[in-house]
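First comes the structure, then the notes that go with it.
Nothing in this text is a laboratory measurement; each read-out follows from the coordinates by a stated rule. These numbers come from a predicted model, not from an experiment. Methodologically, a virtual Cβ is constructed for each residue, glycine included, from the backbone with ideal geometry; neighbour enumeration extends over all protein chains shown.
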Amino acid sequence: MKNFFVAAITVLVAMTGFGQKYFTKGAQINFDATSPSSPEKIEGINRTATCVVDTKTGNMQFAALMKGFGFERALMEEHFNENYVESDKYPKAEFKGEIKNSDKVDFTKDGTYTVKIKGKLTMHGESKDVETDAKLTMQNGKIKATAELSVLLSDYKISIPGLVADKVSKTAKITVSCLLEPFKS
Amino acid sequence: MRKLLYQSAIGIVVLLSSNNLWAQDEDLLKLLGEEKPKKERIKYAFKSSRVINGHSMEFLNPGTMDFRILHRFGQLNQGYKNFFGLDQASMRMGFDFGILQNLMAGVGRSTYKKEVDAYIKYAPIRQSTGPWSSPITFALVSGITMNGMPWTDPARKNFFTSRLSYYFQAIIGRKFSENFSLQVSPTMVHNNLVPLETNPNNIYAIGVGGRIKLSKRIAFTWDYSYVIIGMPDSGYYHPLSVGFDIETGGHVFQLHFSNSTGMNERAFITETTGQWGKAEVRFGFNLSRVFQIKKKK
């Protein structure tokens, strides 16, 4: 009987430990607000976003510093920070959500899966529910993940002045790609 | 003993499962640890590299060129016959280049005295936050101007160097908040040639410039220089300009009223002839268009 309990406890402890977490500090996020009538590409790239995924619960989280977005044109970067996302007031964009069908993914074997991701995206002080498909590729114990997402800028109270209304798209395309490594605490 | 074991086992099971329940709402990013504070430059204290007339604590981004067209119209008190001064205009056209994040240089030419000017501006210290940060920006400007007018007395022996003047300026500035920036700039202007023997060659002044942001794209600015030493006896005044910066995407418009005509340091510090009290004030605007010459990676 004593042995049974020891075994039971061991199994339980092992099970909680089994839920592997994956992370990265170098996720790439592209922010594209180019509209068909834009005179130039309006695209910022952040290569220092952080992400943690808990494969057991399917929970996942992203965070990116707004000032980490680099633009080809310095003036565009200034306007992005100063006038649109107000990065001094709202320094971070965050996503907190879950992989809806994480039970379908075998994280121990190489392979490619399409998963549904649902959660809250917080940006410019506003939170909105978002949903998208992501592609997960298991490779040598690491997860390669890519996802695309369209957000309506007005949902996040990012206003575009009338003067440039036709030059900036009302929806931004956000593309995420990252390579998640197993997290060892 | 058996009972104790049994109870503790249940206890552990409960503990572990409740642990799992909490895990639903845990902050996963906390696992990665707190990010170390990084030194970060405070940017955008002013919309432009000039407050109005004088240099601001702000620099152009590396790889950009600022094409500036400056206009100063006639005096407001001329009334309707000169359409409040708008019938006359004096202008300066300038090209400024951002070389490093704390180094820039520029050239310009003014219609007033057909003057060509050039300067170089460098900031050894930039305002920043985080470890080893500085609460202020400290910048140095060194400039030269060349008078292009015909010699007033062609009969005497004239030297090329007599056309030249120099100015040296330190800028101590701070962006106090998103909406308020202030800077102080001690300046020295040296004229190689002065009109009268009694006029000093060196003129010392202290400038105070600031910005109050009214909205995301509009700001109230002022630019004052107090001439401490070397003010000619009469007919010259301390230059004061007040105005608005309006940003319209690609351009920055600086609309203002000023008692000076000159648009370089030598001209507006040492040769301001208007008096605010008598409405000898001119409307003027600076138009700044920044071009990216070298693409950022």
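How large is the dipole of the stretch B:189-250 about the Cα centre if only Lys and Arg carry +1 and Asp and Glu carry -1, each at its Cβ, rounded to the nearest 20 debye? Roughly 420 debye for the stretch B:189-250. Treating each Cα of the stretch B:66-117 as an identical point scatterer and ignoring solvent, apply the Debye formula and state log10 I(q)/I(0) at q = 0.15, 0.22, 0.28 Å⁻¹. Evaluating at q = 0.15, 0.22, 0.28 Å⁻¹ gives log10 I(q)/I(0) of -0.54, -0.79, -0.96.
Which longest uninterrupted range of chain B lacks any GluC sites (Glu not before Pro) assigned by DSSP to a loop state (not H, G, I, E or B) and surrounded by at most 10 other Cβ atoms within 10 Å?
The segment B:35-196 is the longest one with no such site.
The label point for A:D106 and the one for A:E126, both projected 7 Å from the Cα toward the Cβ, are 4.4 nm apart.
Under the definition of partner shielding as Cβ atoms of other protein chains within 10 Å of a residue Cβ, what is the mean value for peptide B:42-48? The per-residue average across the peptide is 2.
Here A:K173, A:K128, B:K295 are placed in order of increasing Cβ neighbour count within 10 Å, fewest first, which gives B:K295, A:K128, A:K173. As a proxy for reagent exposure, B:S234, A:S37 were ordered by neighbouring Cβ count within 10 angstrom, fewest first; the result is B:S234, A:S37.
Taking label positions 7 Å along the Cα-Cβ direction at both B:K38 and B:N192, the computed distance is 4.8 nm, reported to one decimal. Straight-line cross-link partners of A:K167 among the lysines, defined as a Cα under 16 Å from its Cα and at least 8 positions apart when in the same chain: A:K41.
On alpha-carbon atoms, Rg over Rh for the protein assembly as shown using Kirkwood Rh?
Values: Rg = 31.1 Å, Rh = 26.6 Å.
Taking Rg over the Kirkwood Rh, I get 1.17.
Distances between placed amide hydrogens fall under 5 Å for B:S260 paired with B:L240, B:R282, all partners being 5 or more residues away or on another chain. Seen against the Cα atoms of chain B and their longest principal axis, helix B:2-23 is set at about 30 degrees. Over 27 Å apart at the Cα level, from the set A:K21/A:K109; B:K36/B:K216; A:K170/B:K39; B:K175/B:K216; A:K92/B:K216, are B:K36/B:K216; A:K170/B:K39. Charge dipole (Cα centre; +1 on Lys/Arg Cβ, -1 on Asp/Glu Cβ; no other charges) of the stretch A:19-182 amounts to roughly 480 debye. Extending 7 Å from the Cα toward the beta-carbon at both A:Q139 and A:D32 defines two label points whose distance is 2.1 nm.
In Å, the Kirkwood hydrodynamic radius of the stretch A:19-182 over pairs of distinct alpha carbons? Kindly include the intermediate steps, with their values, before the conclusion.
On the way: mean 1/r = 0.0609 Å⁻¹.
Across the stretch A:19-182, the inverse of the average 1/r is 16.4 Å.
Tell me what chain B gives for mean residue ellipticity at 222 nm when only DSSP H runs of n ≥ 4 count, each as -39,500 (n - 2.57), the sum divided by the residue total, rounded to 500 deg cm²/dmol.
On the way: 2 runs with 28 residues, N = 297.
It comes out at -3000 deg cm²/dmol, rounded to the nearest 500.
In order along the stretch B:155-168, the Karplus-derived 3J(HN,Hα) couplings, from 6.51 cos²θ - 1.76 cosθ + 1.60 at θ = phi - 60°, round to 6, 7, 6, 9, 10, 4, 4, 5, 7, 8, 9, 10, 9, 10 Hz, and Gly and Pro are given as x. For chain B, just say rounded, prolate or oblate: build the C-alpha gyration tensor, square-root its eigenvalues into a ≥ b ≥ c, call rounded for a/c under 1.5, and beyond that prolate if a/b exceeds b/c, oblate if not. Verdict is prolate for chain B.
Computed from backbone phi with θ = phi - 60° and the Karplus coefficients 6.51, -1.76 and 1.60, the 3J(HN,Hα) list for the stretch B:78-95 is 6, x, 5, 4, 10, 6, 6, x, 6, 6, 10, 8, 10, 9, 9, 10, x, 10 Hz; x is used for glycine and proline. The order of B:D27, A:D155, going from fewest to most other C-beta atoms within 10 Å of their C-beta, is B:D27, A:D155.
Amide H to amide H distances under 5 Å link A:N59 with A:D54, A:I99, where only residues 5 or more positions off or on other chains count and H is placed in the peptide plane. Each Lys and Arg adds +1 at its Cβ and each Asp and Glu adds -1 at its Cβ; summed about the Cα centre, the protein assembly as shown shows a dipole of about 820 debye. Near A:K92, the amide H atoms lying under 5 Å from its own belong to A:M66; only residues 5 or more places off or on other chains count, and H is placed 1.01 Å from N. Here the Karplus relation 6.51 cos²θ - 1.76 cosθ + 1.60, evaluated at θ = phi - 60°, turns the backbone of the stretch B:50-62 into coupling constants of 10, 5, 9, 8, x, 5, 9, 6, 8, 10, 6, 6, x Hz, with x for every Gly and Pro.
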